[in-house]
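Asks: Structure incoming, see below.
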Amino acid sequence: MPLTFDDLLARARALPRAGHRAILGVAGSPGAGKSTLAAHLVRALNADGEPWAAHVPMDGFHLADTELDRLGRRDRKGAPDTFDAAGYAALLRRLREETDGTVYAPGFDRVLEQPVAGAVPVPPSARLVVTEGNYLLLDTGLWARVRPRLDEVWFCELDEPERVRRLVARHEEFGKSHREAVAWVLGTDQRNADLVAATRSRADLIVPRSALPPGARAA
């Protein structure tokens with residue numbers, strides 16, 4: 001039987017056990033629908049009562065542009081070494097262990113293209129944290145600390161023409177010209193996408209576009 005969104009909800013609900021908080025990772029290439037899937041999961045899981053699921057994006061751990069300029073990496077923004085991987089892994093450890101108070105995670109402002117400290121509260125009532133990002137399954141360097149802190153990792157899969165179309169549209173929405181957007185998507189973003197695609201086999205579950213609710217499929 002094809003995987004459905006209800007199947008995903010049931011699997012997510014089963015992750016927290018014996019009163020312990022669980023952390024679900026959603027990985028995938030840029031533009032594959034990670035944020036959309038995570039947001040729909042958390043919204044559906046919280047629909048029936050007190051919120052018990054929280055959404056924590058990896059993007060809050062982008063290095064600031066001033067630091068990327070200092071390091072000479074601004075033209076590769078989004079590559080693995082333009083994030084604070086150790087900080088992200090440390091946050092995942094805190095989310096696992098510190099369940100008696102609110103843990104604050106950084107967010108990411110897509111208009112400013114900058115991380116924002118303390119923007120995402122995770123309350124003690126959150127028994128499931130859904131975190132999403134490109135490099136959750138990367139097993140090199142400091143990124144290797146991430147996967148052991150996640151109960152499961154799902155991999156969002158989208159056909160390449162649609163993924164590229166969505167990514168170009170996203171860059172245009174946030175200020176790039178069409179030519180700039182296409183150049184960035186086929187250059188920097190594509191190199192990152194190829195790297196992420198190579199981690200697909202390490203995922204616990206592959207999520208096809210058909211498993212998303214109708215509104216998410218068209219996002």
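Asks: Mind checking which residues of region 46-62 are surrounded by 16 or more Cβ atoms within 10 Å (Cβ to Cβ) and farther than 24 Å from Gln190 by Cα? Spell out the reasoning first.
Replies: Step one: list which residues in region 46-62 are surrounded by 16 or more Cβ atoms within 10 Å (Cβ to Cβ), which gives 46, 52-62.
Answer for region 46-62, where residues must be surrounded by 16 or more Cβ atoms within 10 Å (Cβ to Cβ) and farther than 24 Å from Gln190 by Cα: Asn46, Trp52, Ala53, Ala54, His55, Val56.
Asks: Does Val130 meet the test of being touching a His at 6+ places or on another chain (Cβ under 6 Å), at pLDDT 95 or above and either assigned to a loop (DSSP other than H, G, I, E, B) or under 28 Å from Arg11 (Cβ atoms) (or both)?
Replies: Considered against the rule, which asks whether it is touching a His at 6+ places or on another chain (Cβ under 6 Å), at pLDDT 95 or above and either assigned to a loop (DSSP other than H, G, I, E, B) or under 28 Å from Arg11 (Cβ atoms) (or both), Val130 comes out as yes.
Asks: Evaluate region 63-85: report whether one residue or more is in contact with a Phe, Trp or Tyr (Cβ under 9 Å, 6 or more places away or on another chain), surrounded by fewer than 21 Cβ atoms within 10 Å (Cβ to Cβ), over 26 Å from Pro51 (Cα atoms) and among the β-branched types (Val, Ile, Thr).
Replies: Checking region 63-85: not a single residue is in contact with a Phe, Trp or Tyr (Cβ under 9 Å, 6 or more places away or on another chain), surrounded by fewer than 21 Cβ atoms within 10 Å (Cβ to Cβ), over 26 Å from Pro51 (Cα atoms) and among the β-branched types (Val, Ile, Thr).
Asks: From the list Ala47, Ala32, exactly one residue is modelled with pLDDT under 95, touching a strand residue (DSSP E or B) at 6+ places or on another chain (Cβ under 6 Å) and in a loop (DSSP other than H, G, I, E, B). Which is it?
Replies: Of Ala47, Ala32, the one residue that is modelled with pLDDT under 95, touching a strand residue (DSSP E or B) at 6+ places or on another chain (Cβ under 6 Å) and in a loop (DSSP other than H, G, I, E, B) is Ala32.
Asks: Also, quick follow-up: So is Arg76 over 18 Å from Trp154 (Cβ atoms) and among the basic types (Lys, Arg) or not? Walk me through it before giving the result.
Replies: Working: over 18 Å from Trp154 (Cβ atoms): yes; among the basic types (Lys, Arg): yes.
For Arg76, the condition - over 18 Å from Trp154 (Cβ atoms) and among the basic types (Lys, Arg) - is met.
Asks: Is there any pair with a first residue in region 18-35 that is without any contact (Cβ under 8 Å) to a residue 60 or more places away in the chain and a second that is surrounded by fewer than 24 Cβ atoms within 10 Å (Cβ to Cβ) and of a type in the set (A, V, I, L, M) whose Cβ atoms are under 8 Å apart and which are 6 or more apart or on different chains, and what are they?
Replies: Within 8 Å, no pair qualifies.
Asks: Looking at region 152-219, what helices (runs of 4 or more DSSP H) fall wholly within it and have at least 1 residues that are in contact (Cβ under 8 Å) with a residue 40 or more places away in the chain? Explain how you work it out, then say what you get.
Replies: Details: elements: 160-173, 178-184, 190-197, 214-217.
The helices (runs of 4 or more DSSP H) meeting that bar are 160-173, 190-197, 214-217.
Asks: Which members of region 137-165 meet the condition of being buried (at least 17 other Cβ atoms within 10 Å of the Cβ) and farther than 24 Å from Tyr88 by Cβ?
Replies: Of everything in region 137-165, just one residue is buried (at least 17 other Cβ atoms within 10 Å of the Cβ) and farther than 24 Å from Tyr88 by Cβ, namely Val164.
The values are calculated or read from the model by the stated rules, or taken from the named source; none is laboratory data. As the structure is a computational prediction, the values presented were derived from the model and not from experiment. Cβ: placed from backbone, ideal geometry, glycine included. Neighbour counts: every protein chain shown.
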